[in-house]
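Engineer: One structure, pasted below without further comment.
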Amino acid sequence: MIVLGIHTAGPACELALVSDQRRIGEVREDMIRGQDARLPDLVTGVLEDASLSLKDIDRFAVVTGPGSFTGIRVGVAFGRGLALATGKPCLGVTTLEAALPEGQQGSAIVALPAQKRPPDITFWAQTFRTGMPTDNAIELAADDLTTLLHEHPHMVYGDVAAVSPHLEGGSVHPATPSATRAAIYAVSLNPEERLARPTYARQPDAALPKPRPQ
C-alpha cells in the first residue's frame, strides 16, 4: 500500500510517501502561511522523485490538527480534493497520533504545546493504549495536565522542554508530529471511520451576539 501523508497543521508544509510502512519520499518547507500555493508543486515533486503518479496512491493521510487553524483547513481541503480526483480515500490523523512513535505499548499520552505564553499555558493532549487512541484530542491547562498524570500515570511523549516542568519529576520521551508518521498510522485505519475533518480541540474564540433586550 502506498500512502501520501500531508502535514500542514504546524509551522511547515510537509509531505511524505510511504510504501508498505516504509518511507520512500519526503519534502518539507518551513512556512506559516501560503501552504495552499505550494502544495500542488510539492506533491508533483515528491511523486516525480519516487517515480510515481497520483494514480499509484492507494490512500491519502492528512494531519487534521489541533494546530494552525489555517494550515489545518488547507491540508484537509487539499487532501480531500486529491481523494475526490483519484477516487481514493482520504483519512484524518490527529496531530497527536502523528507524533506517537510506532510500536508504542501500554498506556501513553502525547502532549504538545498549545498556548505557550504564561499565565495561560496549555497543551494539546491525547491518550493512547498500545498505539490506539482512548479519547479525543483535547486542550488542557498546564495544572490539569499535571493532575491528570499524577492521578493516572502514563508514558509521556511530546515536547520535552515544554512538558517536563509539569511532570513532578517524570520523564518525557521526545515526539514530534510528521507526515511520515501520519501516513504509516493511516495504513491500519478504516477509511469509512476516519474521513478527514479538521480537529480543533479548542472552542472558537468568537461568540454569538447576545440578544438585544426587548
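Engineer: Restricting to DSSP loop positions (anything but H, G, I, E, B) with no more than 14 other Cβ atoms inside 10 Å of their own Cβ, which trypsin sites (Lys or Arg not before Pro) remain in segment 1-81?
Structural biologist: Numbers: sites: R22, R23, R28, R33, R38, K55, R59, R73, R80; in loops: R33.
Loop-located and lightly packed - R33.
Engineer: Please compute, over every Cα-Cα pair in segment 107-174, the percentage with a separation greater than 21 angstrom. Numbers along the way, then the final one.
Structural biologist: Values: 300 of 2278 pairs.
In whole percent, the long-distance tail amounts to 13.
Engineer: Let me ask something additional. Which residues make up the longest stretch of the chain clear of GluC sites (Glu not before Pro) that lie in a DSSP loop with no more than 15 other Cβ atoms within 10 Å, not counting the sites? Numbers along the way, then the final one.
Structural biologist: Details: sites that count: E102, E168.
Excluding the exposed sites themselves, the longest stretch runs over 1-101.
Engineer: Still on this structure, I have one more. So if I restrict to the alpha-carbon atoms in the chain, what is the Rg, and what is Dmax, the biggest pairwise distance, in Å?
Structural biologist: Cα-based Rg and Dmax for the chain come out at 18.0, 68 Å.
Engineer: Using θ = phi - 60° and the Karplus relation 6.51 cos²θ - 1.76 cosθ + 1.60, list the HN-Hα couplings for segment 3-17 in order, rounded to whole Hz, with x at every Gly or Pro.
Structural biologist: Using θ = phi - 60°, the values come out as 10, 9, x, 10, 10, 10, 7, x, x, 8, 10, 10, 10, 8, 9 Hz.
Engineer: Counting Lys and Arg as +1 and Asp and Glu as -1, each charge on the Cβ, what is the dipole of segment 107-174 about the Cα centre in debye, to the nearest 20? List each step's numbers first, then the result.
Structural biologist: Numbers: 3 positive and 8 negative charges, 44 e Å.
In total the dipole reaches around 220 debye.
Engineer: If you place +1 on the Cβ of every Lys and Arg and -1 on the Cβ of every Asp and Glu, how big does the dipole about the Cα centre of the chain come out, in debye to the nearest 20?
Structural biologist: Working: 19 positive and 24 negative charges, 122 e Å.
Value, rounded to 20: 580 debye.
All of the numbers you see were taken from the coordinates with simple rules; none came from a lab. Computed from a predicted model, the values in this text were never measured in an experiment. Cβ atoms come from the backbone with ideal geometry, glycine included; neighbour counts cover every protein chain shown.
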